[in-house]
Amino acid sequence: MNKKMRANLLLLLAAMLWGASFVSQVSGMEHVGPITFQGIRLMCAAIVLVPVVLIMNKGKGPLFAPEKKEENKKTLFGGICCGIALLVAGLLQQFGCVFTTAGKAAFITTLYVVVVPILSLFLRKKVRPIMWLCVVLGVSGLYLLAMPNGFGSVSKGDFFVMLCAIAFAVHIMVCDHFVAKYDGVKLSFIQFLTAGILGCILMLIFETPNLDDIFACALPILYAGCISGGAGYTLQIVAQRDAEPTVASLLLSLESVFGVVFGALLLHEVMSGREIIGCCTIFAAVIISNLPEKQVKLKDVY
């Protein structure tokens, strides 16, 4: 098996792990509150990433070398900013999972791909013309999937996940800003640790978690944190070394499809014909947005 094929299989596995995470997020709400789930989940992901960071940094000297004090401060600041954005997005998604299905949450979340270029206009960045077609497809798909009786008929859960898609778009743009300047692996660890610590603090303030409920929810939390978060991220960074960027994006976008599949298999979720068409339309928008365009500098556009 050549390197590209192996990388593609690893990316497909990462997408599958992420898609199945929506099932764990929905099922976990039977035992604990959304803040508790996300706080512990993100902390678990940070712990799992410790060996990943150490392995990726092997041979490069101390993780935070004393002589690079200024760079360390900026990396820490960047990681904290990314972590705050990640926590906000994760909490909105988790609140949405209380009231909606895993499949719908998976597809609505992927709309962040369409939201990013819209937000980039405020930063005066160029946007490929094809992205406006993706915006139209994304809105059309969202209408079919989440608005059965018009624009005023959005359910509470779907609304939270829509906000989550916007928050994830902001998170991506914040990460993009700092990753271009500092070590991406260190930033990722700091962001998960920041999000986990803040999530656990909010958990103690706004919810009343108890150990019995947390242990009852252990499997969904550990899956979402260790497998989907830690292992999924590790697979992504390892595979993207040898994968073509366009192929990688397309394979990872299958996360939404896996979310629907696992929702149907494990939670017995059923979608109407209208909702299935909506999912297909959103997926088309995601696929088109990831297609390369000739004579376009990818670093200048989304």
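The values are calculated or read from the model by the stated rules, or taken from the named source; none is laboratory data. All figures in this text were calculated on a predicted structure; none of them were measured in a lab. With ideal geometry, Cβ positions are generated from the backbone for all residues, glycine too; neighbour counts draw on all protein chains shown. Keep in mind that these areas ignore ligands, DNA and RNA; they rest on the heavy atoms of the full protein, side chains included. Shrake-Rupley method; radii C 1.70, N 1.55, O 1.52, S 1.80 Å.
A compact table of results
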quantity: Segment 162-173 - phi-based ³J(HN,Hα) in whole Hz, Karplus 6.51/-1.76/1.60, Gly and Pro as x; calculated: 4, 4, 4, 4, 5, 5, 5, 5, 5, 4, 5, 5
quantity: Cα-based radius of gyration of the chain once divided by 2.2 N^0.38 Å, which approximates compact folds; calculated: 0.99
quantity: Fluctuation leader among Ser272, Ser256, Ser120 - the chain, Gaussian network, Cα springs under 10 angstrom; calculated: Ser272
quantity: √(5λ) per eigenvalue of the Cα gyration tensor, segment 131-209, largest first, Å; calculated: 31, 23, 6
quantity: Set Lys74/Lys186; Lys104/Lys126; Lys69/Lys181; Lys74/Lys125; Lys73/Lys186 screened for pairs whose C-alpha atoms are more than 19 Å apart; calculated: Lys104/Lys126; Lys74/Lys125
quantity: Cα gyration tensor shape for segment 63-169, rounded if a/c is under 1.5, else prolate or oblate; calculated: oblate
quantity: Sulfur and carbon atoms: percent of accessible area, the chain [1.4 Å]; calculated: 70 percent
quantity: Shape of segment 189-302, Cα gyration tensor, a/c cut at 1.5; calculated: oblate
quantity: Estimated distance in nm for a label pair at Lys125 and Leu211, the labels positioned 7 Å out from Cα along Cα-to-Cβ; calculated: 4.6 nm
quantity: Probe 1.4 Å, all protein chains present, accessible-area order of Ile201, Ile55, largest first; calculated: Ile55, Ile201
quantity: Cross-link reach list, aspartates and glutamates versus Lys68, counting only Cα pairs under 16 Å and skipping chain neighbours closer than eight places; calculated: Asp183
quantity: Overall form of segment 127-173 per C-alpha gyration tensor (a/c, 1.5; a/b vs b/c); calculated: oblate
